[in-house]
Every structure is written in structure tokens, then in C-alpha cells.
Amino acid sequence: MAIEPRAGILDIQPYKPGAADAPGVANPAKLSSNENALGCSLKAVAAFEQTGARLHRYPDGGASLLREAIAREEGLDADNIVCGTGSDEILQLLGRAYLDAGDKVVQSQYGFLVYRLVAMQCGARLVSAPERGYTTDVDAVIAAAGEDTKIVFIANPNNPTGTYISDAEVRRLRDALPPTTLLVLDAAYAEFVDAGDYDPGMALARERDDVFVTRTFSKIHGLAGLRLGWGYGSQTIVDVLNRVRGPFNVNLPAIEAGAAAIADREFMQRSAQHNATWVDFLRQQLGGLGLEVTPSVCNFVLVHFPQTAGKTAADADAYLTQRGLIVRGVAPYGLKDALRITVGKEAENRRVVEALSEFMGR
């Protein structure tokens with residue numbers, strides 16, 4: 001008799017990463033995974049390379065060097081930080097620690113797919129609150145949550161839409177939720193946001209013990225290949241997560257490269273400036289082709305295509321792939337008429353515009 005997994009596990013559709021290959025095209029432009037167009041900090045590379053002679057040693061189980069570097073640069077208390085293999089692991093640890101079978105989890109309509117995976121892994125029920133203009137609708141989330149929700153996941157800014165809600169709206173949401181509901185703010189793209197009314201949630205998490213914020217080194221820091229993330233919240237939550245995480249969940253090269261990366265503010269600033277220039281370029285140029293582009297504060301744009309035969313998102317995706325431009329279809333999010341396009345290098349961004357101009361003009 002075959003050994004059966006827990007009920008619901010086989011209903012999970014594994015997360016599908018952005019494609020990296022274009023058949024028949026050498027060295028395609030990968031614009032499907034929201035990676036940093038400038039690579040990563042050279043200081044992080046040097047720190048990574050210097051760990052080579054110590055790879056036979058276990059890493060510090062508490063990632064102290066990294067937590068202290070984060071605390072120093074972000075103005076936080078290192079005891080309120082937990083690190084993991086990408087913010088994805090932090091999200092999964094939260095599910096493992098706080099969700100029982102049958103618990104309710106709420107997200108916004110186009111929330112990051114990992115929230116669904118976290119809920120299903122724990123046997124929890126996921127409820128999606130309708131968005132307004134591809135943006136989290138706080139009133140809809142409050143209504144969906146009611147009094148019996150265990151966790152509310154809000155990506156702010158959101159992937160794949162690129163939109164955000166203000167600090168005031170986040171606080172209004174937290175105030176409306178019962179104290180038995182944990183509000184998790186996923187701020188993976190926070191460093192790209194240049195808006196006076198935005199806050200990643202660190203201040204709110206410092207004030208309250210029912211808010212937790214996740215961050216990542218995969219985006220502006222360009223360390224996606226190392227799988228490195230962190231979370232910030234009350235010592236009560238951090239203590240719980242430290243009880244369920246693996247004893248050496250962050251490897252030695254990631255710890256030291258991450259500590260160097262977060263201290264390289266010049267690289268971060270240069271990355272943010274590059275992104276601001278080219279996300280605006282893509283929005284204006286693609287909008288000029290008659291395509292709807294959702295305003296984005298992230299390092300990507302969400303582009304909507306008509307349902308006309310030959311002009312659909314699937315048609316555009318195939319057209320771009322043939323020309324060595326790999327973007328991301330977002331049908332799994334319920335956005336079958338859209339493509340998510342990462343900001344790349346200058347030449348790559350211009351190639352995308354030229355290719356889609358040809359596509360729309362055919």
C-alpha cells in the first residue's frame with residue numbers, strides 16, 4: 001500500500017519560477033524574475049569569495065553577523081530579526097508556526113502566489129479580497145477577514161501588480177483587524193519605492209506585537225542566487241520562528257555576502273536610480289503603443305494586452321520569446337491578459353519596446 005501524503009498536499013501546484021531559456025536563442029534577456037539589472041554589489045561578491053576556505057565549517061546558527069548588519073543599516077534591534085533562505089522561507093515558517101488545519105488566511109486578489117502555497121501546506125483556507133485598480137482594497141480585506149482570520153498576508157508593494165498602499169492605509173487595516181489576527185507585510189520591493197506616504201511597516205511592527213514584516217536580498221541587493229531573506233517583528237514572534245526554523249537555515253556565504261550587500265548603500269542607490277529611470281521609460285513607451293500599463297513602484301511593469309486574436313498576452317509572450325526576450329506570463333494569478341516585464345539593462349529595455357512596437361503594428 002502506497003504511503004499517502006497529508007490531505008491537500010497533492011492539490012498544491014508547485015511554484016513555477018520565471019523562464020530562463022528561449023529555444024533557439026543564445027544569451028536571451030531574462031526579464032521574467034524581477035532580478036536586479038545591475039547584478040549585485042562587488043563588495044558582496046568579495047565577501048562571498050572569502051568564505052571559500054571555510055566551507056567545511058557550519059555557519060553561525062543565529063546568523064548574528066547578518067542580523068547585526070541589518071540592524072545597523074536599518075536602525076533596528078538585532079534581537080527582533082530572524083533570517084532565512086529567502087523571504088519565502090520566513091513566510092513558510094509563519095505558516096508552520098501559526099496555522100492549524102482549517103484556519104482562515106486572507107490575501108489581496110492578486111497577492112504573491114507563495115501565500116496560497118503557505119496556506120495549502122498547512123491545510124488552511126485561503127480567501128482572496130477583491131482589489132480596486134489592481135491595488136489592495138483595505139475595506140475589502142477587512143470585510144474578508146472578519147473576526148476569524150489567523151493571518152492576513154499583504155505584499156506592499158505587490159507582486160505582480162507593482163502597486164502599493166500608504167502607511168496610513170496599512171495602519172487603518174491593522175486597527176480594524178482583531179488582535180488575534182497576525183498581519184504579515186511582505187516588503188520585498190520596499191527599497192525601490194520613492195513615495196512620501198509609503199513605509200515598509202518596520203515602525204508599525206516596532207509598535208505592535210501583531211505585525212510582522214518580511215524583506216529580501218533577492219531584489220535591490222541582487223542576491224537571488226543565494227536565497228536570503230529576513231523578517232522583523234516582536235521578540236515573541238521571532239522566538240516562535242526560531243523554534244521552527246532549521247538550526248543552520250542560512251548558509252555561510254549568504255550570511256557574509258548579505259552583511260556586505262546591505263552595507264553597500266552606493267550600490268543600492270545606483271540600483272534604485274536605474275530602476276526609476278527605466279520603469280518610467282517602459283510605462284511611457286508601452287503606454288504609447290496603446291497598451292495599458294499598471295503604474296508600478298517596483299522593478300517591473302504589468303502590461304495588459306487586448307483579447308483580439310493575434311494581439312493577446314500569450315501571442316505577445318511567444319513573439320518576445322522568439323526574439324530572445326523572456327518575460328513572465330501571470331495567468332496563475334488570474335491575469336491571463338497581462339505580462340509582467342522586469343526592468344533590465346538599457347539595451348534590453350529598448351529591445352522590449354522595439355519588439356512590442358513591431359508586435360502591435362503587425
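The values are calculated or read from the model by the stated rules, or taken from the named source; none is laboratory data. Everything numeric in this text was worked out from a predicted model, so none of it was measured. All Cβ positions, even for glycine, are placed from backbone atoms using ideal geometry, and neighbour counts span all protein chains on display. To get the accessible areas, we keep the full protein, side chains included, count just its heavy atoms, and leave off ligands, DNA and RNA. Shrake-Rupley method; radii C 1.70, N 1.55, O 1.52, S 1.80 Å.
The table below gives the values:
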| item | result |
| --- | --- |
| Residue satisfying condition, being touching a residue at least 60 places away in the same chain (Cβ under 8 Å) and farther than 19 Å from L223 by Cβ, within set A53, A63, A97 | A97 |
| Selection count where residues are farther than 21 Å from T161 by Cα and touching a Gly at 6+ places or on another chain (Cβ under 7 Å), scope segment 86-101 | 4 |
| Residue selected from segment 191-203 under the condition of a type in the set (A, V, I, L, M, F, W, C) and closer than 16 Å to A71 by Cα, by the criterion surrounded by the most Cβ atoms within 10 Å (Cβ to Cβ) | M202 |
| Tally of residues being of a type in the set (S, T, N, Q) and in a loop (DSSP other than H, G, I, E, B) across segment 210-233 | 1 |
| Looking only at segment 17-46, and only at residues there that are open to solvent by 70 Å² or more (accessible area, probe 1.4 Å) and among the small types (G, A, S), the one that is farthest from S271 (Cα to Cα) | G24 |
| Matching strands (runs of 3 or more DSSP E) fully within segment 96-160 where at least 3 residues are open to solvent by 20 Å² or more (accessible area, probe 1.4 Å) | 125-129 |
| Residue list for segment 3-13, filter: open to solvent by 70 Å² or more (accessible area, probe 1.4 Å) and either free of Cβ contacts under 8 Å to residues at least 60 places away in the same chain or under 23 Å from T321 (Cα atoms) (or both) | I3, E4, L10 |
| Selected residue (criterion: surrounded by the fewest Cβ atoms within 10 Å (Cβ to Cβ)) from residues of segment 47-95 that are in a loop (DSSP other than H, G, I, E, B) and polar (S, T, N, Q) | Q50 |
